[in-house]
Amino acid sequence: MNKIKPLQIGELIARIPIIQGGMGVGVSLSSLAGAVAKEGAIGIISTAQIGYRESDFDEQPLQANLRAIQKEVQKARKIAPKGIIGVNIMVATRQYSEYVKEAVRAKVDLIISGAGLPVDLPKIAKEEWERLKSCGEAV
């Protein structure tokens, strides 16, 4: 019987070659992504209206969503400290670049983007990563 080979993306190696889908609005959050990552696959948190449980979501949805990205990534990391945690950000999202920057600040391992062509993703992520590094933050 053949053994399933690990999945390698750059320096990241997932022992189990599965990327859990980023299912939106409350499905793919920290509990699912953390559990998947803890088992050796890649856990993905969906950023689609991720802040819907924040008290100010109706009045300030962008701020609530950005805050929730941080919270959900931190909770997933507590579940799977050595696991691979990423986010799914739809390109069609109005403030796509803000979501990407927040994901970089949250120190996700990877970003998956669909619902459009993520042509600006590498540039946005690199610029934010370099900005954080120049400010002395650990990246």
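The values are calculated or read from the model by the stated rules, or taken from the named source; none is laboratory data. Only a predicted model underlies this, so the values are computations on that prediction, with no experimental measurement involved. Backbone-built Cβ (ideal geometry, glycine too); neighbour counts: all protein chains shown.
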* Asked: Of everything in the range 49-92 that's among the acidic types (Asp, Glu) and farther than 13 Å from Lys107 by Cβ, which residue is nearest to the chain's Cα centre (by Cα)?
  -> Glu54
* For the range 54-76, which residues satisfy the criterion of being under 14 Å from Gly24 (Cα atoms) and either in contact (Cβ under 8 Å) with a residue 24 or more places away in the chain or assigned to a strand (DSSP E or B) (or both)? -> Asn65, Ile69, Glu72
* Structure fact -> Of the residues in the range 93-139, those that are in contact with a Gly (Cβ under 9 Å, 6 or more places away or on another chain), at pLDDT 90 or above and either outside any helix (DSSP H, G or I) or surrounded by fewer than 18 Cβ atoms within 10 Å (Cβ to Cβ) (or both) come to Val108, Asp109, Leu110, Ile111, Ile112
* **Subset of the range 21-39 [surrounded by fewer than 19 Cβ atoms within 10 Å (Cβ to Cβ) and more than 11 Å from Ile79 (Cβ to Cβ)]** => Gly21, Met23, Gly24, Val25, Gly26, Val27
* Structure fact -> Expected output for the range 77-95 (first residue over 20 Å from Ile16 (Cβ atoms), partner of a type in the set (A, V, I, L, M) and loosely packed, with under 11 Cβ neighbours inside 10 Å, Cβ below 8 Å, 6+ apart or cross-chain) is Val91/Leu117
* Within the group Glu11, Glu59, Glu98, Glu102, which residue is more than 27 Å from Lys126 (Cβ to Cβ) and of a type outside the set (Phe, Trp, Tyr)? -> Glu59
* To do: Would you check if there is a residue in the range 53-62 being modelled with pLDDT of 95 or more and in contact with a strand residue (DSSP E or B) (Cβ under 8 Å, 6 or more places away or on another chain)?
  => no
* For the range 42-53, how many residues meet the condition of being crowded, with 18+ Cβ neighbours inside 10 Å, more than 20 Å from Lys82 (Cα to Cα) and not polar (S, T, N, Q)? -> 3
* Quick one: count up the residues across the range 11-36 that are under 21 Å from Thr47 (Cβ atoms) and part of a loop (DSSP other than H, G, I, E, B). => 11
